[in-house]
Amino acid sequence: MPLQVSAPMQLVQRLQQAVAAPREALVVTVCTAIAGGHLLLEDVPGVGKTLLAKRLAESLGLGFRRVQFSPDLLPSDLTGARVFRQVDGTFAFVPGPLFTPVLLADEINRASPRVQAGLLEAMEEGQVSVDGTTYPLSDPFFVIATQNPVHFEGTYPLPEVQLDRFMAAVSLGYPSFEAELALLEGRHGKGIPAEAMPAESLQAWRQAAAETHVAPELRRYLLAIVHASRNWPDVVLGISPRGALAWQALACAHAFVQGRGHLVPDDLKATAVPALVHRLVLRGEASRARAQRVVEALLAQEAIPR
């Protein structure tokens, strides 16, 4: 399949016009959607996380639903439930908001661990089970979850098994002075044309990215970093095999977005922090900055294959 790099890069440019966020974070967002993974946005409130999810869905021509996670949310509020119909005396399944191509799980760490666990089957298997019956979700099914810092009042830390289901985690950060000035002047948020991309675009991109050639030397380089993370000082839990697969898939999507049909070391380096940082469990106080320094040190110690 010929590479259609202009379209993914055009999507990145559309998002840049709509959201005051770093270009690198927007590229990772698009790459995660192309790689078929789920995205975790970790940041303080008010920096554009919800707007990014909404504009991405609009640009791809996909259905979009937003769920505000809160302490009183129940698993059935996500999956749906069987209800009794008085008309014919039977039970019918009423789908919940999980049945949508793009789901924004807003402030996911404000919900109880029980609700967070309710997402695991949906994110891993693309299906939900209610009263012993399995219901398939839409294809594509893309979860974008936002998370406030764990020290914020009323938050629950996401369990490691939940974090491992996210292909990538990015932090938008505060916008630059010029970007925030453009926001105040109303020059942001108007860059998404009314006409969305063809509905089949994302599926075509996914197929092309999956066909990216990965040289054996690069796979060994990736795996050497993954194995080193499991024996790194101050690391309690290193990168899992699922994490290695997610990193490779994200890097292949990055190569496709850059217009290449083969992986190069720069693709792995560009996607290492988003793919790995949220999977590391460190001794002592956890922070994204500490985990990022570990990932950068792991990259620095391994010789880049030639």
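The values are calculated or read from the model by the stated rules, or taken from the named source; none is laboratory data. Since the structure is predicted, the reported quantities are computational estimates derived from the model, not experimental observations. Reconstructed Cβ throughout: ideal geometry from the backbone, glycine too, with neighbour counts over all protein chains shown. These accessible areas exclude ligands, DNA and RNA; they are computed on the full protein's heavy atoms, side chains included. Shrake-Rupley method; radii C 1.70, N 1.55, O 1.52, S 1.80 Å.
Descriptive notes on the structure:
- A prolate overall shape is assigned to segment 89-164, the ratio a/c of its alpha-carbon gyration tensor axes (a ≥ b ≥ c) being 1.5 or greater and a/b exceeding b/c.
- Think of it as helices only: each DSSP H run of n ≥ 4 in the chain is worth -39500 (n - 2.57), and spread over all residues that comes to -13000 deg cm²/dmol at 222 nm.
- Relative contact order of segment 61-118, pairs being alpha-carbon contacts under 8 Å that are 6 or more residues apart, as %: 49
- Paramagnetic label reach from ARG242 (point 7 Å along Cα→Cβ; backbone nitrogen cut-off under 16 Å): within segment 266-296, residues 275-281.
- The gain in end-to-end length when the GLN13 to TYR135 segment is fully stretched comes to 40.3 nm, 0.36 nm per residue minus the alpha carbon separation.
- Spacing of the modelled spin labels on ALA81 and ALA196, each 7 Å from Cα toward Cβ, amounts to 3.0 nm.
- Estimated inter-spin distance, LEU181 and ARG293, nm [label 7 Å along Cα→Cβ]: 3.4
- DSSP-defined antiparallel bridges as percent of all bridges, the chain, nearest 5: 40
- Solvent-accessible area of TYR156 with every protein chain in place, 1.4 Å probe, in Å² to the nearest 10: 90
- Potential extension, TYR156-GLN207 segment - 0.36 nm per residue separation minus Cα distance: 14.7 nm
- With the cut-off at under 18 Å, measuring from each backbone N in segment 17-43 to a point 7 Å along the Cα-to-Cβ line of GLN127 picks out no residue.
- Sites listed here are trypsin sites (Lys or Arg not before Pro) in segment 221-294 whose DSSP assignment is loop and whose Cβ has at most 10 other Cβ atoms within 10 Å: ARG283.
- A full extension of the chain between SER70 and VAL214 corresponds to an added length of 47.6 nm, given 0.36 nm per residue minus the alpha carbon distance.
- Among the GluC sites (Glu not before Pro) in segment 194-284, those located in a DSSP loop and surrounded by at most 16 other Cβ atoms within 10 Å of their own Cβ are GLU195, GLU200, GLU211.
- What segment 182-293 shows is 50 Å² of accessible area per residue, with the surface traced by a 1.4 Å probe over protein heavy atoms.
- Think of the chain as having a plus end and a minus end, set by charges on the Cβ of Lys, Arg, Asp and Glu; of ALA210, GLN301, ALA255, GLN301 sits farthest toward the positive end of this dipole.
- Axial C-alpha extent at least 15 Å, average Kyte-Doolittle at least 1.0 - helices from the chain (DSSP): 23-35
- Listed values [x] 0.95; [y] 1.01; [z] 0.98, entry calculated as Rg/Rh (Cα atoms, Kirkwood Rh): [z]
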